[in-house]
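Scroll down for the structure; my scribbles are underneath it.
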Amino acid sequence: MSQTDALNQIKQDALDLKSSLNSLKEHFLELSSEFYKSLNEARGLLSNQNVQPPTVNEKEKCQQKEDKSVKSIGIFRSCFLTKNGTPRQPGICPYARGSLTITCFNNPEHSLDGLSKFSHVWLLFLFHENGDYIPRSKVSPPRLNGEKVGVFASRSPHRPNNVGMSLVKLEGVSGGTLFLSGVDLIDGTPILDVKPYITVYDTPSSTPSAAPWITYPPTKPLTISFSDNALSVLAQLKYASGENIVLSKRSLRKKNCLRFFRSQEELKQSISDIILADPRSIFRKKQGDTTFSFPIDSVDVTVKVEGVFVTVVDIGQTEYVRGLLKRAGS
């Protein structure tokens, strides 16, 4: 074997070894994720047993830790009850409303003084339903159909710190409550901060650009239609009033009454906006998912997919949604 052939063989062996190491690393991360899930389940079981209460010193230490950590500044209410069906970005669904009631001050209305002069605000929040998922350096955004990019080149919720940021429209301020639209957060999301959007500071001085997969995603656009049954339900539902009001627990549980959407047109357009953005995961797309459903406001939407054609086949307040509404606001 010549010296050149020997060097080429060594290079090939090195590449094979590198590939094997990457596979082992992926396998290790999957095992680690399963381990931490099992560990948390075990902790949950132990917490149900009789455990000695913490001593005074332990309580003081916990209090000190809490004082140094970030805290939610209020109670967030949203037309989205679960991650399933919630837009992955703000502004996708302009009629998607929510409210934030400030609770971190004794006089919350003082903290919002002057905010109503702005049209939009930034919401900083926690992805509180990530579970024990271990963040990875490369992720597969849904728009890329399985292709991977660096986590910091994506808007993935699975990050080293589970912090998100959304730009939403400020519809109004009343007392200690902000009324918002274009939201992409689920009900109960811990909000860490609110900052006004200031055009002169938040707009880039030069023309911004984006990666090609944002401008030209490798996915086919969907065509949406509504069945006669779905259109009939839309016409019969009771819609919210046109006023910005803070929802009480009682109002959350009214049957067949929309809490956030104010007209048939708003709800229909919002359902279309959500479907056009394709809320399905990559896994479900690969499985050839032909039927799926998602909750929005106080109804459950059932959808049938045939290639690029999507039909909204049913809309109704199922037992599943009623259960979600009972938990909302608690």
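Here, each number is a calculation from the coordinates, and none is a lab measurement. Please read all numbers here as calculations on a predicted model, not as lab measurements.
Taking one equal scatterer on every alpha-carbon of segment 268-323, how large is log10 of I(q)/I(0) by Debye at q = 0.13 1/Å?
Debye curve over Cα of segment 268-323, log10 I(q)/I(0) at q = 0.13 Å⁻¹: -0.32.
Once the Cα gyration tensor of segment 137-285 is diagonalised, what are the square roots of 5 times its eigenvalues, in whole Å and ordered largest first, as equivalent ellipsoid semi-axes? Numbers along the way, then the final one.
Values: eigenvalues 190, 119, 50 Å².
The equivalent ellipsoid of segment 137-285 has semi-axes of 31, 24, 16 Å.
Using only the Cα atoms of segment 76-120, what are the Rg and Dmax in Å?
13.6, 36
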